[in-house]
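What follows is one structure encoded as structure tokens, with my remarks underneath.
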Amino acid sequence: QTSVILVDEVSGERTVLWTRPDGLALRTDQLDRGVFSAGRALLLDADDAGTALLAAAWAKESGALVMLDVDEPGPRTEELLARSDAVIVTDGFPQRHTGCPDLRSALRRMAAPGPMLVAGSLAGPIFRLAVASINRLRKGS
């Protein structure tokens, strides 16, 4: 797999260029449950949603924290959100995924399936996080 990250010197906006041969994609039958059950935390992306969902299920069953880093909405995004404890998304993702133009409302809607934390990176000269909600605190109020 090859990745290159371009950063605009003035705005701080990041662009990621990457390519991965099909042969590098993991299949669910290649996963070792013991590996995903042994860790305390699991960081996922959404590129291979089926394997990510299975790995997340095993990690959560063992009590691990599941974190999701996702760039573009996909057909299984809701399932991935439901199995994640913390989610980090790119600028504009919350609005594209939910159809809600307001960032705060979009992030809250993304947190509804279960993540304790949903945050989005905002383009700009300084990397910033907009924290949407912490479900456990909201449910307690």
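The values are calculated or read from the model by the stated rules, or taken from the named source; none is laboratory data. In this text, all values refer to a predicted model and were calculated from it rather than measured experimentally. No Cβ is skipped: glycine too gets one built from the backbone with ideal geometry, and neighbour counts run over all protein chains shown. Note: accessible area is taken over every heavy atom of the protein model, side chains too, but ligands, DNA and RNA are not part of it. Shrake-Rupley method; radii C 1.70, N 1.55, O 1.52, S 1.80 Å.
Please give the per residue accessible area of the range 1-103, computed with a probe of 1.4 Å over protein heavy atoms only, in Å².
Values: 6330 Å² over 103 residues.
Ligands and nucleic acids excluded, the result is 61 Å² per residue.
Determine, from the Cβ-Cβ distance of Leu31 and Val4 and an R0 of 35 Å, the FRET efficiency 1/(1 + (r/R0)^6), rounded to the nearest 0.05. The partial results should precede the final answer.
Details: r = 28 Å, r/R0 = 0.81.
After rounding to 0.05, the efficiency reads 0.80.
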Original post:
Got a sec to turn the phi values of the range 83-96 into Karplus ³J(HN,Hα) couplings, 6.51 cos²θ - 1.76 cosθ + 1.60 with θ = phi - 60°, whole Hz, x for Gly and Pro?
Top reply: 9, 10, 8, 9, 10, 10, 10, 7, 4, x, 4, x, 5, 5
Subject >> Computed accessible area, Met116, all protein chains, 1.4 angstrom probe, square angstrom >> reply: 40
Subject >> Fraction of accessible area attributable to carbon and sulfur, the range 37-109 (%, probe 1.4 Å) >> reply: 51
Original post:
Taking θ as phi - 60°, what are the ³J(HN,Hα) couplings along the range 44-49 by the Karplus curve (6.51, -1.76, 1.60), each to the nearest whole Hz, with x for Gly and Pro?
Top reply: 10, 10, 9, 5, 10, 4
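Only sites in a loop by DSSP and with at most 13 other Cβ atoms within 10 Å count here; which trypsin sites (Lys or Arg not before Pro) in the range 1-75 make the cut?
Numbers: sites: Arg14, Arg27, Arg33, Arg40, Lys60; in loops: Arg27, Arg40.
Here the sparse-neighbourhood loop sites are Arg27, Arg40.
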Original post:
So, with +1 on the Cβ of K and R and -1 on the Cβ of D and E, and no other charges, what is the size of the charge dipole of the range 1-113 about its Cα centre, to the nearest 20 debye?
Top reply: 420
